[in-house]
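The values are calculated or read from the model by the stated rules, or taken from the named source; none is laboratory data. This structure is a prediction, so every number in the text was calculated from the model and none was measured. Backbone-built Cβ (ideal geometry, glycine too); neighbour counts: all protein chains shown.
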Amino acid sequence: MKAFTLVELLITLSVIGLLAALGLPALNNALQAGRKAKEVGAIKGLITAYNTYSSDNNNMLLKSYDQNGTATDINGKEMSGEDSHEAHRWPWRLAPYFNYGFYTTTHVNDMELAIKAAGGLSQAYLVSVIPSFGLNINCGGNDYEGGSLKTSVSNYNQVNKPSQFIAFVSSRSSAMGKKYEGFYYTEVPKLTKWSKSSSPKSTGYVSARYNGQVIVAFLGGNVSVLNYEELVKTNYWVP
């Protein structure tokens, strides 16, 4: 049996390395496509739950933050207290409408892993703060950050074109020096060009985490994948 020379071994290893280098981008693209598809599926379920809530409540739109909001945790225990922010943010108040399926509806990919690493759904405060999607602050309103918003609407019937009015968007935030690919509300971005290094506040907490693309669910129930620049230039943020 012929023995490989050192030169032949080096050539073989070089070829293997080259093939691996060529295959790695394809693998990364495939993984990102899978994450993207998972997020699209999740936001479809989310907007369905959001509109079901509206139908059951005289077409009222759920606020991203409601100072009078009440909610129960996954064990049916009421969340209460003056500083009960988890009950005031939309994830726990909307939870009954997606059967508390956070990991398939509101917290996917990185945010699912973050919540599980922190202790799971028992971490009610975290669950309320960093869902993968932010609710447009103009859709329903927000008592905590913008109680006097003139552009916010409270009733579905106030929106002339629901299919062109943003409800949920891929979001991100930062806290304690760490960035999260999730936040409970979004607003009109101040920057016209997306950058990972930009502060979440400057991009309206919007996350264009898929090569500059954003997953968007409109109030009409339609879901789109839009470039960040396109999203900023539109009037989708106001009714």
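For the reader, a short list of remarks on this structure follows.
- Number of the exception - Ser163 against (1) of a type in the set (S, T, N, Q); (2) modelled with pLDDT of 95 or more; (3) buried (at least 22 other Cβ atoms within 10 Å of the Cβ): (3)
- Listed here are the helices (runs of 4 or more DSSP H) enclosed by the stretch 40-122 that have at least 2 residues being in contact with a helix residue (DSSP H, G or I) (Cβ under 7 Å, 6 or more places away or on another chain), touching a residue at least 40 places away in the same chain (Cβ under 8 Å) and of a type in the set (Ser, Thr, Tyr): 102-105.
- Residues that are over 14 Å from Met111 (Cα atoms), under 14 Å from the mean Cα position of the chain (by Cα) and part of a loop (DSSP other than H, G, I, E, B) within the stretch 168-223 comprise Glu187, Gly204, Tyr205, Ala208, listed in sequence order.
- Matching option when the condition is closer than 25 Å to Trp92 by Cβ, without any contact (Cβ under 8 Å) to a residue 40 or more places away in the chain and surrounded by fewer than 21 Cβ atoms within 10 Å (Cβ to Cβ), among Lys193, Lys179: Lys179
- Test: Tyr205 is touching a Ser or Thr at 6+ places or on another chain (Cβ under 6 Å), surrounded by 16 or more Cβ atoms within 10 Å (Cβ to Cβ), touching a residue at least 24 places away in the same chain (Cβ under 8 Å) and at positive phi: yes
- Residue match in the stretch 191-205 (condition: over 24 Å from Gly45 (Cβ atoms) and hydrophobic (A, V, I, L, M, F, W, C)): yes
- Top-ranked residue in the stretch 219-239 [being over 18 Å from Gly182 (Cα atoms) and aromatic (Phe, Trp, Tyr); ranked as surrounded by the fewest Cβ atoms within 10 Å (Cβ to Cβ)]: Trp237
- Comparison of Ala71, Ala114 shows that the only residue that is buried (at least 22 other Cβ atoms within 10 Å of the Cβ) and more than 25 Å from Pro162 (Cβ to Cβ) is Ala71.
- Output for the stretch 166-176, where each listed residue is surrounded by fewer than 19 Cβ atoms within 10 Å (Cβ to Cβ) and among the hydrophobic types (A, V, I, L, M, F, W, C): Ala175, Met176
- The listed residues are Gly119, Gly177, Gly140, Gly101, and the only one of them that is in contact with an Asp or Glu (Cβ under 9 Å, 6 or more places away or on another chain) and not aliphatic (A, V, I, L, M) turns out to be Gly140.
- Evaluation of Lys150 against (1) modelled with pLDDT under 95; (2) buried (at least 21 other Cβ atoms within 10 Å of the Cβ) (one fails), failing number: (2)
- Of the numbered criteria (1) touching a residue at least 40 places away in the same chain (Cβ under 8 Å); (2) within 25 Å of Tyr144 (Cα to Cα), the one Ser198 fails is (1).
- Taking the criterion of being farther than 17 Å from Thr72 by Cβ and surrounded by fewer than 23 Cβ atoms within 10 Å (Cβ to Cβ), the residues of the stretch 94-111 that qualify are Tyr103, Thr104, Asn109, Asp110.
- Residue in the stretch 74-84 that is among the small types (Gly, Ala, Ser) and either within 26 Å of Ser207 (Cβ to Cβ) or in contact with a Leu (Cβ under 8 Å, 6 or more places away or on another chain) (or both) present: no
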